[in-house]
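Structure first, then comments.
The values are calculated or read from the model by the stated rules, or taken from the named source; none is laboratory data. The structure displayed is predicted, hence computed values, not measured ones. Quick reminder, even Gly has a Cβ in these numbers, built from the backbone with ideal geometry, and neighbours come from all protein chains shown. With ligands, DNA and RNA removed, areas are computed over all heavy atoms of the protein, side chains included. Shrake-Rupley method; radii C 1.70, N 1.55, O 1.52, S 1.80 Å.
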Amino acid sequence: MGLLERFEDGSAPLGVVGLGYVGLPLAVEMAKAGHHVIGFDISDEKVAHVNAGESYIPDVPAAELAALVKAGTIEATTDFQRAREVDGLVVCVPTPLNRMKEPDTSFMEAAAHSIAPYLHPDMLVTLESTTYPGTTEEIIQPILEAGGLKVGTDLFLAFSPERVDPGNPVYQTRNTPKVVGGVTPRCTQHAVAMYSGFIDHIVPVTSTRAAEMTKLLENIFRCVNIALMNELLQVSERMGINIWEVVDAAKTKPFGFMPFYPGPGLGGHCIPIDPFYLSWKAREYDFHTEFIELAGKVNENMPYYVVKRLMESLNTHHKSLAGSRVLLLGVAYKADIDDMRESPAIRIAELMLDRSAEVLYHDPWVPSFLVRGSEIPHVELTEEALAGVDAVVVVTDHSNVDYHAVVRAAPLILDTRNVLKGFDGSKVVRL
Ligand code: SAJ
């Protein structure tokens, strides 16, 4: 039976390289559809957790994983030689930026080198890591073909961007449409056949580059629009206009508008990073993606703007930032999650420390907040603690916080998220 048929009837053993917030949910969906799944990771700890049926990804219920492991449909290993046992292999490894804000493709390359020796004829490999157009064919394909297999004839290769939104209560791996683009039409055909077995809606495009660019468009769209709101926030503040009221009014337009909101800066492992994958590659084509660069500049400036507004607010209380005790309320990169990656709270804390403020924090999701290697003291939101600071800065608007208590007890609150909408009065300052 051919590979297409083995994908379609679920008999094809599948593999996932990288058992993180993308890879583990994907492996579970593959197994729930009946495929035998081998999860590959370089982390002994992750492999041990999976084989013990212990989920370390909130979107993967432990009971579900344990049942699949017990049934023998999912197993994990650090032994990449076992890649020879699968017919389809999906690579889901990180694509960060290096210190120079340039793409770091080392994780993808390492994954490709780890599996290349064990590829066999009639096999599909797909890459899901967010990256610049050209990565699949310029970097991954040569590594996979080094052993003599030829993409498009005896090996199939495609790109399919991950669209995992951790914690999203509506959209998970199975019901989020999946874009796939192959090196050749037959590669696309095989990728569509594999993903169709465990994802409801597949969206084929004509090339790997189109698929790579699709993901970048999705996230650059957010980055640029957030930067636009951060710029409009600043001009509105100068004009004495409440931008939050304006956005709420604008979003009553039932067509042709999508609300974004200003904030303290851009956090997370996608939005602040993905755009720079494109702007870096564009230079190879003598093209400067000025929108992206400008958006990056505006967003990167927001922590400085927040500290400026804090200093101005303290001044109205005849206080200087130097020597003040400031409580950061909510430090995760967005509400109701525990992820600190690229959180603007980190930069805000650094800037405050540089200006000799005493920094404290409270975040029900984040038990430890390290800034330049030092622990920022965590305080409980007691009336005494709130009355004992000179200012509170709401950096992230977690829902499980008693904002009424904060407004009652704190002498001054700078709200960077408009979570105190409706709380008026001199001590609440809206960004
Ligand atoms: N932010 C704003 N203003 C906004 C929206 C977000 O300042 O109007 C800030 C957030 O506080 C955060 C950063 O931008 O610091 C990124 O927020 P995000 O809402 O874009 O959330 P992410 O980073 O978790 O983005 C992910 C992305 N998902 C994938 O890449 C698969 C993104 O494409 C999703 O659209 C987004 O989740 C989502 O909608 O939740």
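Things to note:
- Relative protection proxy for 63-76, 252-265, from highest mean packing down: 63-76, 252-265 (other beta-carbon atoms within 10 angstrom).
- Estimated purely from DSSP H runs of n ≥ 4, each contributing -39500 (n - 2.57), the mean residue ellipticity at 222 nm for the chain is -11500 deg cm²/dmol once divided by its residues.
- The range 3-206 shape via C-alpha gyration tensor axes, a/c threshold 1.5: rounded
- Separation of the Ala387 and His201 label points, Cα + 7 Å toward Cβ, nm: 5.5 nm
- As a calculated quantity, the FRET efficiency between Glu358 and Tyr304 at R0 = 25 Å, using C-beta atoms, amounts to about 0.80.
- Surface composition of the chain: carbon and sulfur make up 57 percent of the accessible area, probe 1.4 Å.
- Among Phe257, Ser114, Leu353 the positive-end extreme of the charge dipole of the chain (Cβ point charges): Phe257
- Phi angles of the range 112-126 translate, via the Karplus equation with coefficients 6.51, -1.76, 1.60 and θ = phi - 60°, into HN-Hα couplings of 5, 5, 5, 9, 3, x, 10, 6, 10, x, 6, 9, 10, 10, 10 Hz per residue; Gly and Pro are given as x.
- Normalising by residue count, the chain has a Cα convex hull of 155 Å³ per residue.
- Listed values for the range 328-337 are Karplus-derived 3J(HN,Hα) couplings in whole Hz (6.51 cos²θ - 1.76 cosθ + 1.60, θ = phi - 60°), namely 8, 9, x, 10, 4, 6, 7, 5, 6, 9, and x replaces Gly and Pro.
- Using only side-chain charges placed at the Cβ, +1 for Lys and Arg and -1 for Asp and Glu, the dipole size of the chain relative to its Cα centre rounds to 980 debye.
- Backbone amide hydrogens, once placed in the peptide plane, bring Arg325 within less than 5 Å of Glu358, Asp390, Ala391, excluding anything fewer than 5 places away on its chain.
- Formal net charge of residues neighbouring Val394 (Cβ-Cβ distance under 9 Å; K, R +1; D, E -1): -1
- The long axis of helix 290-316 is offset from the longest Cα principal axis of the chain by roughly 30 degrees.
- Values of log10 I(q)/I(0), in the order q = 0.10 Å⁻¹, for the range 1-119 under a Debye, Cα-only, solvent-free model: -0.30
- The angle between the Cα long axis of helix 23-32 and the main principal axis of the chain comes to about 50°, on a 0 to 90 degree scale.
- Karplus-derived HN-Hα couplings along the range 234-244 (A = 6.51, B = -1.76, C = 1.60, θ = phi - 60°), whole Hz, x at Gly and Pro: 5, 6, 5, 4, 5, 8, x, 10, 8, 4, 5
- Amide H within-cut-off set for Arg430, under 5 Å, with H built and near neighbours excluded: Asp415
- Simple spin-label estimate for Tyr261 and Asn51 in nanometres, 7 Å along Cα-Cβ: 4.5 nm
- Positive minus negative residues near Lys334 (Lys, Arg vs Asp, Glu; Cβ under 11 Å): -4
- Accessible surface calculations at 1.4 Å, restricted to protein heavy atoms, place the range 216-299 at 54 Å² per residue.
- Cross-link pairs beyond the 30 Å C-alpha cut-off, checked among Lys101/Lys251; Lys281/Lys308; Lys101/Lys334; Lys178/Lys334: Lys101/Lys251; Lys281/Lys308
- Residues with amide H under 5 Å from that of Val180, placed H, sequence gap 5 or more: Val203, Val205
- Rounded, prolate or oblate (a/c below 1.5 giving rounded, otherwise prolate when a/b exceeds b/c) for the range 301-430 by Cα gyration tensor: rounded
- Shape of the range 295-367, Cα gyration tensor, a/c cut at 1.5: oblate
- Positive contributions from Lys and Arg (+1) and negative ones from Asp and Glu (-1), summed over other residues with Cβ under 13 Å from the Cβ of Arg408, come out at -2.
- In the chain, Cα pairs under 8 Å separated by at least six residues give a relative contact order of 10 percent.
- Mean separation of Cα contacts under 8 Å, 6 or more apart, over the residue count of the range 301-430: relative contact order %: 25 percent
- Packing-based ranking of 207-216, 417-426 yields 207-216, 417-426, ordered from highest to lowest mean Cβ neighbour count within 10 Å.
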